[in-house]
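The values are calculated or read from the model by the stated rules, or taken from the named source; none is laboratory data. Keep in mind that what you see is a predicted model, and the values were worked out from it rather than measured. Cβ placement follows ideal geometry from the backbone for every residue including glycine, while neighbour counts extend to all protein chains displayed. Ligands, DNA and RNA are excluded from the accessible area calculation, which covers all protein heavy atoms including side chains. Shrake-Rupley method; radii C 1.70, N 1.55, O 1.52, S 1.80 Å.
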Amino acid sequence: MSRHPVADPAGPGQESVWDYPRPPAVSPSPKRVVVAFSDDDGGGVLAETTGAVRVLETSHPPTWYLPRAGVDAARLRPSAATQTTCEFKGRATYWDVLTPRGEVLEAAAWSYETPSRGFEAIAGMLSLRPGRLVCSVDGEVARPQEGGFYAGWITDDVVGPFKGGPGTWGW
């Protein structure tokens, strides 16, 4: 895939998603990643780690995967959501997240228990959906990728434009 004709220029300390590869790459990160419940959900931390892995794909903000050891497993349950298959990573397993107030955020997390070759580094790790949870990287709250299908984390160190919104499905 080629660089988007209106790709935003990356400034110092920034990455352009148009420089990310296709097929995607797996990139470990030492950044502090925290996933919390919103105040509406009762607040509190669901996950915290400095051992996250990013999946970087052309036109998408990074999707962050967290090791299970950093996630409150008591707040997860297998979801009844329909499984999906990624052409690169394989079959996804979805997880419902149980809030401190007892509500259920259906399919707010997912994992690749036995990912495709090249993505073994994310086996069993969990990704969580910004917008449904408060996801932050080194203290910056990530904004959700537009469109609802993809779940990239947009932070100030990543520039687009990003796939997901209206008119971007052909990218």
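A few remarks follow.
- Scan of the stretch 56-81 for residues that are touching a Phe, Trp or Tyr at 6+ places or on another chain (Cβ under 9 Å) and either of a type in the set (A, V, I, L, M) or without any contact (Cβ under 8 Å) to a residue 12 or more places away in the chain (or both), ordered by number: 56, 76, 80, 81
- Residue 7 meets all of the listed conditions (1) open to solvent by 60 Å² or more (accessible area, probe 1.4 Å); (2) of a type in the set (A, V, I, L, M); (3) over 17 Å from residue 135 (Cβ atoms) but one, namely (1).
- Residue in the stretch 37-47 that is within 14 Å of the chain's Cα centre (by Cα), at pLDDT 95 or above and surrounded by 12 or more Cβ atoms within 10 Å (Cβ to Cβ) present: yes
- Residue match in the stretch 117-136 (condition: within 16 Å of the chain's Cα centre (by Cα), hydrophobic (A, V, I, L, M, F, W, C), assigned to a helix (DSSP H, G or I) and under 19 Å from residue 26 (Cβ atoms)): yes
- Residues that are out of contact with any Lys or Arg (no Cβ under 8 Å at 6 or more places or on another chain) number at least 3 in the following strands (runs of 3 or more DSSP E) confined to the stretch 1-81: 33-36, 53-56, 76-78.
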